[in-house]
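The next block holds one structure in the form of structure tokens; read it before the comments.
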Amino acid sequence: MTKLTFPIIAVLIILLATSQSFAGLFCLIVLSIFIFTYMFNSRTNKSVNKIFHIKTPKLGKACATLLLSFILVFAVISFVFKERNNYQCLECLSWKHTYQWNVGSWMDFSVPITSKSSNVDVSYTSLDYKNLLKKHSHKWTFAQGSPYYAFGTRGGCAIGRGRHRNEFALVYEGYPEFREFIKSKIKSKELNEALVYQLLIMPAFSEETDTKYQRLKRLSGHLQDEYYQ
């Protein structure tokens with residue numbers, strides 16, 4: 001029976017770990033406590049040896065040590081993760097990224113094991129129109145969140161409304177040539193900074209029949225068409 005017991009428990013450990021659920025983590029903890037008790041409690045040791053027909057205490061402790069190592073490795077891979085959350089300021093289009101290592105299940109329950117760190121990617125909108133944003137304080141809106149398991153290489157995703165930029169803003173932030181094109185329009189007084197800023201921060205989608213929004217949307221499309229011609 002010993003030959004079958006070890007691989008069965010090893011497979012159980014892998015299944016519990018890969019479930020990445022709080023219930024799986026709890027079961028691993030209970031199993032670890034049982035194995036640890038078996039190793040250091042002579043009464044439990046004898047009872048378990050008798051049940052599983054383990055002939056020598058040395059063999060039993062060797063198997064228990066190996067199983068504990070299995071639990072530790074798979075628990076770290078499956079339940080220690082780096083959480084990354086992205087936020088966008090809807091007033092200046094800058095991005096804020098926060099990072100924190102946790103232990104547990106991202107979808108159920110987790111405990112932070114490091115302090116939270118963050119960095120900000122300042123947008124071109126913020127840099128180019130700082131005169132309009134002098135009294136600006138960031139209004140961070142959740143855009144995206146992901147847990148990265150297996151030492152930060154594997155994760156999922158949660159999406160928030162802060163991730164949406166309108167097409168004009170995407171092109172402006174992504175293409176230096178388009179920024180220069182818009183700045184030339186401002187210089188020639190075909191556009192002004194306040195109007196361009198409104199084009200940048202207008203919602204990507206709107207169900208409203210607001211005439212101002214529709215006017216900005218048409219102007220945005222016209223400028224992009226002119227740039228691409």
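If you check Y87, Y124, Y99, Y149, which single one turns out to be hydroxyl-bearing (S, T, Y) and surrounded by fewer than 17 Cβ atoms within 10 Å (Cβ to Cβ)?
Unique residue meeting the criteria: Y99.
Give the residue that is modelled with the highest pLDDT, with candidates limited to residues of the stretch 159-192 that are surrounded by 14 or more Cβ atoms within 10 Å (Cβ to Cβ) and farther than 19 Å from D225 by Cα.
Ranking the qualifying residues of the stretch 159-192, first place goes to H164.
Among (1) surrounded by fewer than 16 Cβ atoms within 10 Å (Cβ to Cβ); (2) in contact with a helix residue (DSSP H, G or I) (Cβ under 6 Å, 6 or more places away or on another chain); (3) modelled with pLDDT of 70 or more, where does T44 come up short?
Result: T44 fails condition (3) only.
Restricting the stretch 105-121 to residues that are surrounded by 17 or more Cβ atoms within 10 Å (Cβ to Cβ) and out of contact with any helix residue (DSSP H, G or I) (no Cβ under 6 Å at 6 or more places or on another chain), which is nearest to L199 (Cα to Cα)?
In this case the residue turns out to be W106.
Quick one: which strands (runs of 3 or more DSSP E) sit completely within the stretch 70-156 and have at least 1 residues that are closer than 30 Å to L28 by Cβ and in contact (Cβ under 8 Å) with a residue 40 or more places away in the chain?
Filter on the stretch 70-156 gives 80-89, 95-104, 140-148.
Kindly indicate which of K212, K217, K185 is free of Cβ contacts under 8 Å to residues at least 12 places away in the same chain, out of contact with any strand residue (DSSP E or B) (no Cβ under 9 Å at 6 or more places or on another chain) and either assigned by TED's automatic domain parsing to the domain that holds L93 or not aromatic (F, W, Y) (or both).
Result: K212 is the single residue among K212, K217, K185 that is free of Cβ contacts under 8 Å to residues at least 12 places away in the same chain, out of contact with any strand residue (DSSP E or B) (no Cβ under 9 Å at 6 or more places or on another chain) and either assigned by TED's automatic domain parsing to the domain that holds L93 or not aromatic (F, W, Y) (or both).
The values are calculated or read from the model by the stated rules, or taken from the named source; none is laboratory data. This structure is a prediction, so every number in the text was calculated from the model and none was measured. Positions of Cβ are backbone-derived with ideal geometry, glycine not excepted, and every protein chain shown enters the neighbour counts.
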